[in-house]
Structure formats: structure tokens, C-alpha cells
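Here's the structure we're looking at; comments come further down.
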Amino acid sequence: MSHSPTGTQEVKDRAQYGLCAGLALLGGLLLFDASRIGHATTTNDVVGPRAVPIVLGVALILVAAVYARDIARGGHGEAEEGEDVDLRHPADWKTLGMLAAAFLLNAVLIDPLGWVISGTILFWGSAFALGNRHHIRGLAIAIALSLATFYAFAIGLGVNLPAGILKGIL
Amino acid sequence: MDNLNHLLQGFGDVLTPMNLLIALTGVVVGTAVGVLPGIGPAMTVALLLPITYGLEPTTALILFAGIFYGGMYGGSTTSILLNTPGESASVVTAIEGNKMAKGGRAAQALATAAIGSFIAGTIGTVLIVLVMPQIVKFAVTLGAPEYFAIILVAFVGVSAVLGASRIRGLASLLIGLSIGVVGIDFVTGQQRLTFGIPQLADGIDVVVVAVGLFAVGEGLWVAAHLRRKAGEVIPVGQPWMGRQDWKRSWPAWLRGTAFGFPFGAIPAGGAEIPTFLSYMTEKKLSKHPEEFGKGAIEGVAGPEAANNASAAGTLVPMLALGLPTNATAAIMLAALQGYGIEPGPLLLTNEPKLVWALIASLFIGNTLLLVLNLPLAPTWAKLLRIPRPYLYAGILFFAAMGAYAVNGSPFDLYLLLGLGVLGFVIRRFGLPVLPLIVGVILEPLAEKKGRQSLQLSGGDLSGLLGGPVAWIAYAIVVAVLIWPLLAKLRGTSGGDDDHHHAGTKSEVAA
Amino acid sequence: MTVLVGYVPNSFGEAALSAAVAEAARRQERLLVVNMSRDDVLADAHRAADDQLARVRRDLGELGVEAEVRRVEEGSDAAEALLEVATEVDASVLVIGLRHRTPVGKLLLGSNAQRLLLEASCPVLAVKPV
């Protein structure tokens, strides 16, 4: 179990209020969307499509309130431990940002450039973000992996992976 | 017996050279992926699902069965050799297994885990054969209200029973339910929570949710808190057991199976409880209790068998009722639906060949697992030498590949990232993940049955009451909800204020 | 001045260790045994377990050699770690075990030995097992 010094403990607790706000927001979103739907009940379906979103929306707001009260009383959830996880330091936003960037690049580039290129960027970028310093080796593995999965899955099994600008070459 | 005939025919369908090769591939790939830390059987199946898209249903199911059991075996290999359980149910195996490995008995620990898994898997599959048709007969009598009530039991079970903080469990469940609502309402065709985004009209795929929450979420979480830790030595050795080990193992195997199967079959049962129960029981019954904590072979044999039996057990409600009770079952269900196969009580009547082929391939996958993986265990251990950056980059790579392949749309990748962020948030704040995924999986079914019940009664709430099965289920729900209040009134310590352990590793991977 | 040996728990490491002991005796210098364990992998085949290191200490003690046995646990590059230690203790010679690699192997997987040979500022003694 991780024991953070009391200073960060207080910060941790306050961050939970953010989560409560998020829950309440989600509840509000559900209610807003439900109101947009409009009444659509029939004799066949007396409940209609609005019922569940409304129930969920209300429940979420209630839960957010009770949760906030629990936090105020000192409750907190333990952040998840793990073999590779060291909770003594605050989150490494830089690494996280790089990882998200690699992921987004793949999402943006996968259709125009094809899986082989975007997958390579994803793998190499993620490995780089996570601390890999053997750049050439990482690139080689990334390319090999992208090509292998493309040939094996897209061509071999007909899985939906785009060829992008390399269409015709592969 | 009629069932036996069907089963034999199932074997006939499955035992072709091509299909055996597929089964072999499934087992190998499933084990390899399952060995990787942080990846449990559910994740293994989810990540490898895209491979099956181009295949015939029977072939795909055979691949699944191999991946399913392979993933479980891979997970226990890692827990024994490295004390890094990839999923919650392996936590218990790691306690004794890792101690055995450190004491130079890795070979015996691996052997007892493999053989125990095989025996439990085989017995479990036999039980499926025997039990399922009876359950189906019973299930056909269930009306919508009964279904609804049973699902409510599942909801309450995951959020209020497991985990110490009920409010967090409830929050998690509600988030999951909200995700489940996204899409077109099946009755009226109304778009809900889609905000005008056309790709959301079909709802959010369970596989995308699972991969996003588990794989991407885990990746992001690890990235934010990466611990640089010196690599351990893995004890290498071909699994084998001496006579004493056999003597001590086999009763544990049988007891573990007995614990595991029923818990796997009930909604919100899962594998954590039976593995703990098995461990406790073995400790009590053992002639060598002092060895527990230092490497007692029964402490590996029992829980491993319980784990596998529970996995077999989850297939019963999945096939008979169309009710997935954990993430792995949900993903397999999603895969079946991808082929246009509607699981439920009618599955056995509509697609008997498919079901019996699946069951036959479970037997075969299980056997191949044992035959293949006993000699290969040292090889799997070598996989753990892959540097972490490549490991997690690989996980994200396959996650992205799979998510894109579902619909061929980059939108799913954005969705995946969003869900990954959600996965990060729940790990950060210690919310249990199981209620979330159960909420996503069961929301459509729950809502459907709930509305059908009210439809039958013309809107009268008494329509939800249905028959005796529903009453029992509701009684359970009420009991679970009221229990802590009663405990409080009686003066014992209950409720949320005391400890908040939600979010420990045991609640994450399924 | 110190004789530095890069130790791994296999025949190459043992060969290097024997050679290093002989070299330390010849130069009348102290011996520093370093085992590097990577921190970016879950399982490192080159990591010497505690009991292995204890055995090395014991053996060296029986031989009457003045030696220190260290395990470096930070970093992901064994060559770099060894070079750092070499600079730190001002090693007079670095002893390593040498393994034959095919040209392709060297291309794909790099070679610690090659880097050490090229980058060490002190003489390097590369040993093959008998």
C-alpha cells in the first residue's frame, strides 16, 4: 500500500471532488439529452426511451452528492497499485502526453497514410515515450510489427486495415 | 443420451486437421499474450478478437476456446514465476506459487497449475454439457421480469458486495450504465446520448470499452507512474511433479473445481471468491499448514483449479441465458453477436451444431494446452524479458489495431483514447472497474427486459414482479442493500466510513 | 587502481571472473566485480541473484582475493553502466566475457562487448570460455 505524505494526501482528496463534479455533469448530460428526446410512449412501450436516462441522470447526481459527502468525511479510494507502478511521485504528465500524442497521431493518420505507417508511428512513439532509448532498434521493430500484422491480418485474414498511400505497393 | 450424441458430433466437426491447427494457434497465441503482465484472459480475448473477423463462425469459436484457456494458463505462469498476477484471480496463485518458485520449486508449481487447470477445465466442460441443457429448460420458462430481477442481482452484487466502498461501486456502475445507453433505443429508434455523432448511433462496442478500459487505461496509468525496477531472475525449469506433489495436489484440484464452477455460473460470482475460498480450505485441511506462506503446493493446486472451473462456469449463463457474468464472457458474447448469433435460451435449439462444436473445442483446447505448455513453459518465461517500453507499446499497438478493425473507422480510436482516459481516472481514484464493465454489458439487456415487463402489464409497476424466481431475486437485492444498515443499527462497524480499499489490483483486470 | 570485471551468471561471466582474478593478482590490484541488472524489464537473464553473488564473494574470499562485489540496478544499458563504474573507480583494466555473434545478430541486437571495446578509456580484456 502506498502512503503519501499528508501534503499530497490533501491534494489527492480534493481532486476527488473533481470526479464528483464529473459524475454530476454526466448526470446533467443524461437529463439534458432525455429532455431533448421528447415523449414517445405507446401502448406497447409505456416506459419510453426517456425513462432510463432520466433515472440514471438523477441517480448520478445523487451519487455525486453522497460521494462528495464521503470525501468530506475523509474517505478516499486507493489508487491502483501494480508491479510497474510507483505511486510515490505525482503523475508523469510528460510521458502521458507523449503517449496520448502517439495514439492520436495514429488515429489521425491511419486512413490517409495506412496502417503500416501509422502503426509504426504508434509503436515507435509509445516505446519512445515509455523510455526506450534504442531508437533505431525501436523503429526496426515498429516497422516489422506493422508489416507483419498488416500481411497476416489484413491480407491473410481480411481484417479491416487500410493500406493508405502504400496501396498497390503492398 | 441425446447430449452425448450431439457432443460426439461436435467433436467430429472440430477434429479436422485444419481445425486442430487453428486450435493450436489459439492456444499458443493465447498463452503468449496471457503471459504478459497486466493482461488477463479477458484482455487476451479482446485483443485477439480482430484476428477472428475473417473466419467462419465454427473456426472462430475454436480459436476462441484456445485463446480463452491459453490466456488463463499464461496468466498463472506469470503469477508463479514473477509474482505479478495479470488478473485478480491469479493473486492467490501468486502467494504460494511464487514462494515455491523462489524456493527452487518453480517446475512443480507450474506443473500443478497446468494439470490442475486441465482437470478443472475438463470437469468444468463436462459439467457444462450436463448442466446447460437443464438450465436452458429452466431458462425458457423465465419471463422478462425474472430476467430483469436476475440482472438487478448482478448489478447489486458487483457494486455493493465486492469492494469496500459501495458509493464508489455504485458510481462505477452508473458510469457503465450510461455508456450502455449510448446509441439507438431499440424500441423507438430514438438516438440517445449520441449528440449528433453518427458513429455513435450503433452504440459503443463492448470490445472497444474493454480494450479501452483495460489495455489503454493500463498503458496510460503505467506511463504516468512508471517504476524503474531491476529485473528479477526467472527460475527456469520444465514442469514436473514428484509423487508427494501428486498426492497432495489431486484432492486440492477436485475441491477447487467444486468451488469454482458454481461461482462462475452465478451472476456476479466471478473467480476471486472461489479462489480465496479454495485457498482457505486447503490451508485448513492441509497436513502441512506450516508450509502455507512459504510455498505449499496445495495453495497453488486448489486456487488454479478453482480459477479454471469458474471460467468454465461462466459459460453456462452465457450460452444458456445470454447473460455474461464477467468481462471475458461479455467479449465472447459480443463476438458471437458479430456473427449474427443471438445467445439466449434459444441458442441451443437454433444453433446446436455451433454450441456443441464450441464445447468440443473447449475440451480440445484444454488438452492441447496441457500437452503443449508443459514443455514450453521455459519459453513463455523468456517473453518476460521483453523491455517494458516495447511491452506496453505492443499492447497499445494491438489495442489500436483491434479497435480500428471493429468498424474500420478512426472514430473508434478516438473513442478508445477517451475510454483509456476513463480507465486512467478510475485507477487514479480507486473506483472498482468490474461494476463499470458489467453496467456496459448488461444495460441493453436489462433495459429491454425491464421495458418488456412493464409492457406486458401495460405500465403497471406490478408487471415487474413476475413469478417466484423474480421474487427471490428481488429479495436478494433488498437483502444485500439493507444488510449494512442493519449491521450499523446493531452496532457493528459497517458502511463506507471505515476503509476504502476500492481500486486495489484485485478489482481491476478480469 | 582496480581491476573491473563485468559479471553475468553464465559461462562467459565465470570465464571473465577467472581471468579477472588472475589479472588482479598479476597487477597486484584490487578486484571489483559488477553485475548489472536492467530496470526496464521484468525479468533479466543477466541478473545475478543474491545467492549467486554471495557465492562469488565466498569463492573470492577463499582465494584470498581483495574484492568487492556490486550489483547495479538502475539503467537499461549494461555497457553504459560498466563504463560509468570504470570511470568512477578509475579502472586499470576492464575484463569482460566475449560471445560470438553472427553479423546479423550484431546488427539487430547490438553488442555490449563491441561498445565496451570501443568506448572504454582503459584497456579491455575480452575472454572466451574454455
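None of the figures in this text is laboratory data; all of them are computed from the coordinates on show. No experiment lies behind these values; they were computed from the predicted model shown. As a convention, Cβ positions derive from the backbone with ideal geometry for all residues, glycine included, and neighbour counts pool all protein chains shown.
Between B:TYR414 and B:LEU456, the distance separating the two model label sites (each 7 Å from Cα on the Cα→Cβ line) works out to 4.3 nm. Distance between the pseudo-spin-label points of B:LYS137 and B:LEU285 (7 Å out from Cα toward the beta carbon): 3.0 nm.
The rule of thumb for compact globular proteins, 2.2 N^0.38 Å, goes into the C-alpha radius of gyration of the range A:93-166 1.11 times. In terms of Cα atoms, the Rg and Dmax of the range C:2-127 work out to 13.9, 43 Å.
Return the Rg/Rh ratio of the range B:1-71 with Cα-based radii and a Kirkwood Rh. Kindly include the intermediate steps, with their values, before the conclusion.
On the way: Rg = 13.3 Å, Rh = 12.6 Å.
Ratio of gyration radius to Kirkwood radius for the range B:1-71: 1.06.
A Cβ-based charge dipole, computed about the Cα centre of the protein assembly as shown with Lys and Arg at +1 and Asp and Glu at -1, lands at about 640 debye.
Where does each of B:LYS137, A:LYS167 land when they are ranked from fewest to most other beta-carbon atoms within 10 angstrom?
On the way: B:LYS137 12, A:LYS167 9.
Ranked by crowding around the Cβ, least crowded first: A:LYS167, B:LYS137.
Calculate the all-directions average of the projected area of chain B's alpha-carbon convex hull, and give it in nm². Here the figure is 24.3 nm², rounded to one decimal. Size descriptors for the protein assembly as shown (Cα atoms only): Rg and Dmax, in that order, 28.1, 100 Å.
Rounded to the nearest 20 debye, what is the charge dipole size of chain B about its Cα centre when +1 sits on each Lys and Arg Cβ and -1 on each Asp and Glu Cβ? All intermediate terms of the calculation are to be shown ahead of the outcome.
On the way: 30 positive and 28 negative charges, 294 e Å.
Taking the Cα centre of chain B as origin, the dipole is about 1420 debye.
Computed over the range B:148-291, the alpha-carbon pair-distance distribution with 5 angstrom bins reads 2, 7, 9, 11, 14, 14, 13, 12, 8, 5, 3, 3, 1, 0, each value a whole percent. Between the exposed loop cleavage positions of chain B, defined as chymotrypsin sites (Phe, Trp or Tyr not before Pro) in a non-H, G, I, E, B DSSP state with at most 12 neighbouring beta-carbon atoms within 10 angstrom, the longest gap is B:241-510.
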